[in-house]
Amino acid sequence: MNTTQAQTSPQVVLSAKDLSKHFGGIKATQNVNLDIVHGARHALIGPNGAGKTTLINLLTGVLEPSSGRIELMGQDITNMAPDQRVQLGLVRTFQINQLFSTLTPLTTLLWVVSNKKGFGSKWWSPLGTHGAVLERCNELLEQFHLSDVSNQRVSTLSYGKQRLLEIAMSLACEPKVLLLDEPVAGVPSGERDELLQTVAQLPSDVSIVLIEHDMDLVFSFAKQMTVLVNGAVLCSGEPQDLAHDPRVREVYLGSTQIAGAEHV
Amino acid sequence: MMGPNNMLEIKRLNRTKIWEWVVLSLMLASPFLFAERAMMINEIAITALFAISLDLILGYSGIVSLGHAAFFGWGVYAAGIFSKLVNPDPIVGLIVVMGSSLVLGLICSLTILRGSDLTRLMVTLGVSLIGLELANQLRDLTGGADGLQGVVMAPIFGVFEFDLSAKVASIYSVLICVLVLLFVRRLVRSPFGFGLVAIRDNSLRARAVGLNVSHRLMVIYAISASLAGLSGALLAQTTGFASLDVFSFDRSADVMLMLVIGGVGWLYGGVLGAVVFKLIQSQLSSITPQYWMFWIGLFLVILVLTGRDRIKEWFAGVSA
Amino acid sequence: MLTLLFDGVAYGMLLFVLSVGLSVTLGLMNFINLAHGAFAMMGGYCMVYLFSHLQVPFLICLPVVFVLIALLGAFMERVLYRRMYNKSHLDQVLFSIGLSFMSVATMDYFVGSSQQTLVLPEWLQGRHEWGQDPWTLGVGNYRLFIVLLCAVLTLILQTGLSKTRFGSQLRASVDDPTVASGLGIPVNKIFLLTFAVGSGLAGLGGALGAEILSIEPMFPLKYMIYFLIVVAVGGTSSITGPLYASMLLGVADVFGKYYIPQFGGFIVYVLMIVILLWRPQGLFTKGVKR
């Protein structure tokens, strides 16, 4: 496994060791080894069906691995329930928005923040009466440009705003490691920039894994990259290096240059 | 700090609206306003409480249960048998029944955690049918098909006797119903309550933001069972009688229907539905029993075909 | 003991014919149809009317009832059920409960609440016995007839599904209706036909079972739980799943009622809960189905 040469010490926050998943005869994930370093901006790319979302589902505990280990900050989380992993700081977003359709951005974030800060099972005080919760919620609403729609029902929001909420929710969980599954997928071009800006401004101590097809975004955002093909890791390294790697080019476009690599 | 708009919105969410004050006052006043229909008021209060308990799991958590009568029936028989064999004090009886229903609910909650809507439907229905059979078979204890007779309660706090006019009974039931309503209202506005809505809207996402969905469901199911048991206990205590039909599928379907009439997911729907249902039932069922079932069926079919959501949306606009 | 087993199997096969339509509808349209029992009830009433009142020969009654109820099913699908496919499960439950209630009340009003009696034709009465106690096998002619007929029906269904063009179109539609219609498969027609056949089978089951089960207005509500158990335990992804589940259910019920008459009635419910807790997707499905 290549570890990137970073300025600060490359402490590994999330790692998959020989992770595999079989569905009957289908090998969805094959002996994947992946190390995410602290402060990573790690892109995970690969053709459709390469098993990227499956890998995310394995890492977050939605799927049980057939073999292998997952470690979060040195702790073995292979058999841990999904909600417990979130408590430890491993958070994800979904490729297709998974929101609470009858709530509003305000109530959604209030609730998620309350849950994170330990007030989730409090049944006596109404939602939104704790100062710390209110402050954090306000921060997030502003950071994600949701203040103007904060009291609109989620199901009535535009797709771009919904996507912003999707990511805001994950931030509300105070992630240490954030897995973004195609954050700009389906977002109309008018709202893309807002979203990209927000993603670029995410705190630097949050380690981010980004699944993306958009190579522009990958090259402008990622410092590390892993290429996944047919459920197995093809190669890993810095995006600039991999762009010229013939194996990668072949997988994507059959020996032509990857679009965007000229920028590098 | 929090933007002014948002602070206003939070205050608005948590405030007791004027119409709520009106409704609550009306409820508390009803045993006195309608003293000549005390028996009816009593029944409505008990049924409303039962409906509110179902709303917690159906409206707020999204669990479709066809067997909530299991806990209602347990409450009825447990309260009746307890007062006959152990202690006729009503308050003690209520506490014992609520506690035992809570435990029963916790145990049964294990059955609803896994599986699809159909599986849940099945196991909840199964539990209520088991209850029915048990009550039927344990004849010595329950009176079997003849029902449990002769439940005589001691006066409440040693002072207020249950009399034939049902005046004390109606005040008793209404008071408890309102207290529970206030408690549940508090519950659904808290982070705990919002967690339920999150589970209903998207349990996958709820899990993905760190909520232990199974835990939450178990707790709310147990609370709901406890309240359903409470309403059953009230029935036994105020009418002095228990019969097998408290476990029947009809009961579960009726209370679901009430919620649908009044609107799921806003608590007062249980109250509204109970009032409307009971009033119509007392009018129609005296004509012929068959007619009653037919009209309910037709109402359900039309309601669903035209879209429950439209009615719910309208209510959401009104009650906000 | 063997007699009991045989009776259980016969009961189970009857349950199977009654429930298979429900299983396919659920698997195909993801539609929880709690009014399925109403079709069975109508079949029972039709049978009584045709056979006892109109003196139509027994063997002719059966297919006639099947066709009549199938037509009823087709009509209901086209007019009502079709609008419900995309609604939530709660809505479907409420809807089908509503239909059940309406059918119960209607039959009660027109026909009265007493149980219908059916006197079997001569050639179906009587029984044969082999062996000695406790291993006697007593085989009632009627139950034997039921077992044979249901076995034949099962074979027809199984081959129909796996060997015919309609069968493969049906299976494609179950897997993915959008893709299926993209391939030119007339998904609407398939739904209609399947629903009609399923209801027709329920009606046939009601007709066959008129002597064993009680045909009365409360039938849909009384027996609904049994059909649902078959579907929940047997799963919706095959024909054989509900078949085994029905047998299991039939045998358990008969044995239960005989050996533990006090609690025999709800052995079945306990069994169901245990099974569903252990395998929520059903005992005989391959994987988790919706």
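Can you tell me which of C:138-149, B:59-70 comes out highest on packing, and rank the rest after it, using the mean Cβ neighbours within 10 Å? Kindly include the intermediate steps, with their values, before the conclusion.
On the way: C:138-149: 17.4, B:59-70: 25.8.
Per-residue mean Cβ counts within 10 Å order the peptides as B:59-70, C:138-149.
Whole-Hz ³J(HN,Hα) for each residue in the range C:233-247, computed from phi via Karplus 6.51 cos²θ - 1.76 cosθ + 1.60 with θ = phi - 60°, x for glycine and proline: what do you get?
Residue by residue, the range C:233-247 yields 7, x, x, 10, 9, 7, 8, 6, x, x, 5, 4, 4, 4, 4 Hz.
Under 24 Å Cα to Cα from C:K257, which lysines show up? Leave out anything in the same chain fewer than 8 places away.
Cα-Cα hits under 24 Å: C:K222.
Along its principal axes, what span do the Cα atoms of chain B show, with the longest given first and each in whole Å?
61, 44, 42
Work out Dmax and Rg for the range A:102-174 from the C-alpha atoms and quote the Rg first, both in angstrom.
Gyration radius and largest Cα-Cα distance of the range A:102-174: 11.5, 35 Å.
Helix C:187-208 versus the longest principal axis of chain C: what is the Cα-based angle in degrees, 0 to 90, to the nearest 10?
It works out to around 10 degrees.
Report, in degrees rounded to the nearest 10, the 0 to 90 angle that the Cα long axis of helix B:4-14 makes with the longest principal axis of chain B.
So the helix axis and the longest Cα principal axis differ by about 10 degrees.
Which whole-number percentage describes the relative contact order of the range A:102-174, with Cα contacts under 8 Å and a sequence gap of 6 or more? Mind dumping the intermediate values first?
Values: 72 pairs, mean separation 34.6, N = 73.
Reported relative contact order: 47 percent.
Taking the Cβ of B:S214 as the centre, find all other residues whose Cβ is under 13 Å away and add up their charges (Lys, Arg: +1; Asp, Glu: -1). Could the numbers behind the result be given before it?
On the way: positive: B:R114, B:R207, B:R216; negative: A:D83.
Here the charged neighbours net out to +2.
For a quick protection proxy, order the peptides A:185-197, C:15-27, A:135-147 by their average other-Cβ count within 10 Å, most packed first.
Working: A:185-197: 14.2, C:15-27: 26.8, A:135-147: 19.5.
Going by the mean number of other Cβ atoms within 10 Å, highest first, we get C:15-27, A:135-147, A:185-197.
Assign one of three labels to chain A, namely rounded, prolate or oblate, based on the Cα gyration tensor with a ≥ b ≥ c the square roots of its eigenvalues; rounded applies when a/c is under 1.5, prolate when it is not and a/b is larger than b/c, and oblate otherwise. Numbers along the way, then the final one.
On the way: a/c = 1.88, a/b = 1.45, b/c = 1.29.
Prolate is the answer for chain A, as a/c is 1.5 or above and a/b outweighs b/c.
Which of the listed residues, B:V23, B:A208, B:H68, is farthest toward the dipole's positive end in chain B, when Lys, Arg count +1 and Asp, Glu count -1 at the beta-carbon?
Highest projection toward the positive end goes to B:A208.
Exceeding 24 Å between C-alpha atoms, which entries from my cross-link table qualify? They are A:K52/A:K117; A:K116/C:K87; A:K116/A:K176.
Numbers: A:K52/A:K117 31 Å; A:K116/C:K87 34 Å; A:K116/A:K176 13 Å.
In this structure, A:K52/A:K117; A:K116/C:K87 exceed 24 Å between Cα atoms.
Any idea how far the Cα center of the range A:192-257 sits from the one of the range C:74-120, in Å?
57
Which net charge results for the neighbourhood of A:I70, defined as the other residues with beta-carbon distances under 10 angstrom from its beta-carbon, given Lys and Arg at +1 and Asp and Glu at -1? Intermediate values should be presented prior to the final figure.
Values: positive: A:K17, A:R69, A:R85; negative: A:E71, A:D76.
Neighbour charge sum, excluding A:I70 itself: +1.
Label point 7 Å out from A:V62 along Cα-to-Cβ: which residues of the range A:150-170 have amide N under 13 Å?
Hits in the range A:150-170 for A:V62 at 13 Å: none.
Mind ordering A:153-159, C:52-58, B:193-199 by average Cβ neighbours within 10 Å, highest first? Kindly include the intermediate steps, with their values, before the conclusion.
Values: A:153-159: 15.0, C:52-58: 11.7, B:193-199: 25.6.
Per-residue mean Cβ counts within 10 Å order the peptides as B:193-199, A:153-159, C:52-58.
What distance in nm lies between label points placed 7 Å from Cα along the C-beta direction at B:R186 and A:E194?
4.0
Quickly work out the B:L110-to-A:I96 label distance, labels modelled 7 Å from Cα along the C-beta direction, and quote it in nm with one decimal.
3.5
After finding the eigenvalues of the alpha carbon gyration tensor for the range C:1-143, what semi-axes result from the square roots of 5 times each, listed largest first in whole Å?
33, 21, 14
I'd like to know which of A:Q84, A:P183, A:Q143 lies farthest towards the positive end of the charge dipole of chain A, counting +1 on Cβ of Lys and Arg and -1 on Cβ of Asp and Glu.
Farthest towards the positive end: A:Q84.
Calculate the radius of gyration of the Cα atoms of the range C:91-205 to one decimal place, then report Dmax, the largest Cα-Cα distance, as a whole number, both in Å.
20.9, 62
Decide, for the protein assembly as shown, between rounded, prolate and oblate: order the square roots of the alpha carbon gyration tensor eigenvalues as a ≥ b ≥ c, take rounded if a/c falls under 1.5, and otherwise choose prolate if a/b is larger than b/c, else oblate. It would help to have the intermediate numbers written out before the result.
Details: a/c = 2.16, a/b = 1.32, b/c = 1.64.
Oblate shape, in that a/c is at least 1.5 and b/c is the bigger or equal ratio.
Two decimals is fine: what's Rg over Rh for the range A:54-200, C-alpha atoms, Kirkwood radius as Rh? Walk me through the numbers before you get to the answer.
Working: Rg = 15.9 Å, Rh = 16.1 Å.
With Rh from the inverse mean 1/r over Cα pairs, Rg/Rh is 0.98.
Evaluate E = 1/(1 + (r/R0)^6) for B:I18 and A:T156, where r is the Cβ-Cβ distance and R0 equals 22 Å; express this FRET efficiency to the nearest 0.05.
On the way: r = 27 Å, r/R0 = 1.22.
Plugging the Cβ-Cβ distance into 1/(1 + (r/R0)^6) gives 0.25.
Using 1/(1 + (r/R0)^6) with R0 = 60 angstrom and r between the beta carbons of C:V64 and A:D241, what's the FRET efficiency to the nearest 0.05?
On the way: r = 78 Å, r/R0 = 1.30.
For C:V64 and A:D241, the calculated efficiency is 0.15.
Can you give me the Rg/Rh ratio for the range B:134-217, using Cα atoms for both radii and the Kirkwood formula for Rh?
Numbers: Rg = 21.1 Å, Rh = 17.1 Å.
Across the range B:134-217, the Cα-based Rg/Rh ratio is 1.23.
Is there a simple number for the mean count of other chain Cβ atoms within 10 Å of the Cβ of residues in A:129-140, and what is it?
Values: counts 6, 1, 2, 0, 2, 5, 2, 0, 3, 5, 1, 0.
Average per residue, whole number: 2.
Would you work out the charge dipole size for the range C:2-218 about its Cα centre, treating the Cβ of every Lys and Arg as +1 and the Cβ of every Asp and Glu as -1, and quote it to the nearest 20 debye? Please report the intermediate quantities before stating the final value.
On the way: 10 positive and 11 negative charges, 161 e Å.
For this selection, approximately 780 debye.
Taking other Cβ within 10 Å of each residue's Cβ, how do A:W111, B:W292, A:W124, B:W266 sort, fewest first? Could you put the intermediate results ahead of the total?
Working: A:W111 31, B:W292 18, A:W124 11, B:W266 21.
Result, fewest neighbours first: A:W124, B:W292, B:W266, A:W111.
Using a cut-off of 14 Å between beta-carbons, work out the net charge of the residues near B:I296 (Lys and Arg +1, Asp and Glu -1, B:I296 not included).
Values: positive: B:R251, B:K278; negative: B:D250, B:D254, C:D108.
Net local charge, B:I296 excluded: -1.
For C:T164 and C:V119, calculate 0.36 nm times their separation in residues minus their Cα-Cα distance, and state this gained length in nm to one decimal. List each step's numbers first, then the result.
Details: separation 45, 0.36 × 45 = 16.20 nm, distance 3.83 nm.
Separation in residues times 0.36 nm, less the Cα-Cα distance, equals 12.4 nm.
Is there a quick way to get the dipole size of the range A:102-174? I mean about its Cα centre, with the Cβ of Lys and Arg at +1 and of Asp and Glu at -1; what is the value in debye to the nearest 20?
The calculation lands at about 220 debye.
With the dipole of the range C:2-218 worked out from charges on the C-beta (+1 for Lys and Arg, -1 for Asp and Glu) around the Cα centre, which of C:V104, C:G167, C:I156 lies farthest toward the positive end?
Looking along the dipole axis, the top candidate is C:G167.
On a C-alpha basis, how far is the centre of the range A:55-132 from the centre of the range B:206-271 in Å? Whole number, if you could?
29
What fraction of the DSSP beta bridges in the protein assembly as shown is antiparallel, stated in percent and rounded to the nearest 5?
Details: 27 of 43 bridges.
Roughly 65 percent of the DSSP beta bridges within the protein assembly as shown come out antiparallel.
How much mean residue ellipticity at 222 nm does chain A get from its helices, if each DSSP H run of length 4 or more adds -39500 (n - 2.57) and you divide by all residues, to the nearest 500 deg cm²/dmol? Provide the component values of the computation, followed by the final result.
Details: 9 runs with 87 residues, N = 264.
Roughly -9500 deg cm²/dmol at 222 nm, from the helical runs in chain A.
Quick check: pseudo-label points 7 Å beyond the Cα along Cα→Cβ at C:F75 and B:L8, how many nm apart are they?
Between C:F75 and B:L8, the simple spin-label model gives 5.8 nm.
Suppose only helical runs count, i.e. DSSP H with n ≥ 4. What mean residue ellipticity at 222 nm does that imply for chain B under -39500 (n - 2.57) per run, divided by all residues and rounded to the nearest 500 deg cm²/dmol?
On the way: 14 runs with 242 residues, N = 320.
After summing the helix terms and dividing by the residues of chain B, the value is -25500 deg cm²/dmol.
To the nearest 0.05, what FRET efficiency results for A:E250 and A:F23 with a Förster distance of 22 Å applied to their C-beta separation? Don't jump to the answer; show the numbers that get you there.
Values: r = 27 Å, r/R0 = 1.22.
That gives a FRET efficiency of 0.25.
To the nearest 20 Debye, how big is the dipole of the protein assembly as shown about its Cα centre, given +1 on the beta carbon of each Lys and Arg and -1 on that of each Asp and Glu? Intermediate results must be reported in sequence, preceding the final value.
Details: 58 positive and 56 negative charges, 56 e Å.
Taking the Cα centre of the protein assembly as shown as origin, the dipole is about 260 debye.
Hey, got the average number of other protein chain Cβ atoms within 10 angstrom for residues in B:128-137? Could the numbers behind the result be given before it?
Working: counts 2, 6, 9, 2, 3, 9, 2, 0, 4, 6.
Neighbouring Cβ atoms belonging to other protein chains average 4 per residue here.
Within 10 Å of each Cβ in A:109-122, how many Cβ atoms from other chains are there, averaged over the peptide?
Details: counts 1, 7, 11, 8, 2, 5, 9, 2, 1, 1, 3, 11, 9, 4.
Neighbouring Cβ atoms belonging to other protein chains average 5 per residue here.
Rule-based calculations on the coordinates, nothing more; no lab input. Since the model is a prediction, treat every value here as computed from it, not as a measurement. Don't worry about glycine lacking a Cβ; one is built from the backbone with ideal geometry, like all the others, and counts go over all protein chains shown.
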